[in-house]
Amino acid sequence: MRHYGLAVTLFAAVALMASSGWALVPDPAHCTVGSGIINACPYDHVYGTTDAERYQDIAVTLYTTLDVPVPGFLAADFQFTVTPHSGYDHLGGGTTGDCPGCETKYTVTTQYAVTDAAGVMLVRVSVGHDCAPSMCCPVEIAVNLVGFGEIPTKISILQNSHDLIPDGDVRGSDFGAFSTAYNAWPPTPTECADFVYSTEQTIWGEVYGPDFGAFSTHYKDCCGHIKESTPANCDPWTDPCP
């Protein structure tokens, strides 16, 4: 009778939850986040377009304590905090990088109204058209679920820039900087010059032949991936990074 009574009690609780419209409850400790890398082409800002290289869509997946996906969780209940990447505090942002405060140039926006049937919220991380062309600014993004707490693992966004000499221009000095990085690997990793981050790589900063090709494709690019005969065809651009 004791087991029967327990079963009835559990059944009644489940029925109450269903009739009350209670949703599945996310457990931040069981939720997962993705990561990405942004290649910032230096001249896409000229026409105010949003180049695919300027952002990454990252999946944040909500689970219950029992690893059951949580659908229907509101986008409004996601909060994001962008900070300099703890693993690369010598690059880009923070107070010691070559572009202090560049992490503030990132925007993070939810792409769905609610999490889908698999518990996924697609999150767009964009570097925009301000600081991006002239910096290498990896960041981490904390995801807080309102009412439930912060997901322990942060979104990791790595970034490189074809403007390796941070002055808002891509010319011979940048080619020289890339060549130095190319010749330094191995053993020295050069994160900002790692344009092709393949699944075979074990670290960010392995600079191989494909990276050389990727850099050369954008070298002297002008006005959004269009190679011009003279740089003067581009609108003047002032580097917003002090």
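The values are calculated or read from the model by the stated rules, or taken from the named source; none is laboratory data. Predicted, not measured: the structure shown is a model, and the values here were computed from it. Neighbour counts run over all protein chains shown; Cβ positions are idealised from the backbone, glycine included.
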Original post:
Mind checking which pairs have a first residue in the stretch 24-43 that is assigned to a strand (DSSP E or B) and a second that is of a type in the set (Lys, Arg) and at pLDDT below 90, Cβ under 7 Å, 6 or more apart or different chains?
Top reply: 38/54; 40/54
Original post:
Residues 51, 44, 27: which one is buried (at least 16 other Cβ atoms within 10 Å of the Cβ), of a type in the set (D, E, K, R) and modelled with pLDDT of 95 or more?
Top reply: 27
Original post:
Looking only at the stretch 118-136, which residues are modelled with pLDDT under 85, buried (at least 19 other Cβ atoms within 10 Å of the Cβ) and not polar (S, T, N, Q)?
Top reply: 127, 129, 131, 132, 133, 135, 136
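So in the stretch 157-194, with the set limited to residues that are assigned to a loop (DSSP other than H, G, I, E, B), modelled with pLDDT of 85 or more and in contact with an Asp or Glu (Cβ under 7 Å, 6 or more places away or on another chain), which one is nearest to residue 106 (Cα to Cα)?
Our first condition is that a residue be assigned to a loop (DSSP other than H, G, I, E, B); within the stretch 157-194, this holds for 162-171, 185-190, 194.
After this cut, where a residue has to be modelled with pLDDT of 85 or more as well, the list is 185-190, 194.
Filter once more, so that each one left must be in contact with an Asp or Glu (Cβ under 7 Å, 6 or more places away or on another chain): 185, 189, 194.
Numbers: 185: 30, 189: 25, 194: 20 Å.
Looking at residues that are assigned to a loop (DSSP other than H, G, I, E, B), modelled with pLDDT of 85 or more and in contact with an Asp or Glu (Cβ under 7 Å, 6 or more places away or on another chain), I get 194.
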Original post:
For the subset of the stretch 99-117 comprising residues that are touching a Ser or Thr at 6+ places or on another chain (Cβ under 9 Å) and surrounded by fewer than 20 Cβ atoms within 10 Å (Cβ to Cβ), which member is modelled with the lowest pLDDT?
Top reply: 101
Original post:
Quick check, is residue 142 of a type in the set (A, V, I, L, M), at pLDDT 95 or above, farther than 15 Å from residue 34 by Cα and surrounded by fewer than 20 Cβ atoms within 10 Å (Cβ to Cβ)?
Top reply: no
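With respect to residue 119, determine if the residue is at positive phi and not basic (Lys, Arg).
Yes: the conditions hold for residue 119.
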Subject >> Residue satisfying all of: in the stretch 77-96; touching a helix residue (DSSP H, G or I) at 6+ places or on another chain (Cβ under 9 Å) and touching a residue at least 12 places away in the same chain (Cβ under 8 Å); nearest to residue 147 (Cα to Cα) among these >> reply: 82
**OP:** Specify the residue that is surrounded by the fewest Cβ atoms within 10 Å (Cβ to Cβ); the eligible residues are those in the stretch 66-75 that are in contact (Cβ under 8 Å) with a residue 40 or more places away in the chain and not in a strand (DSSP E or B).
**Re:** 72
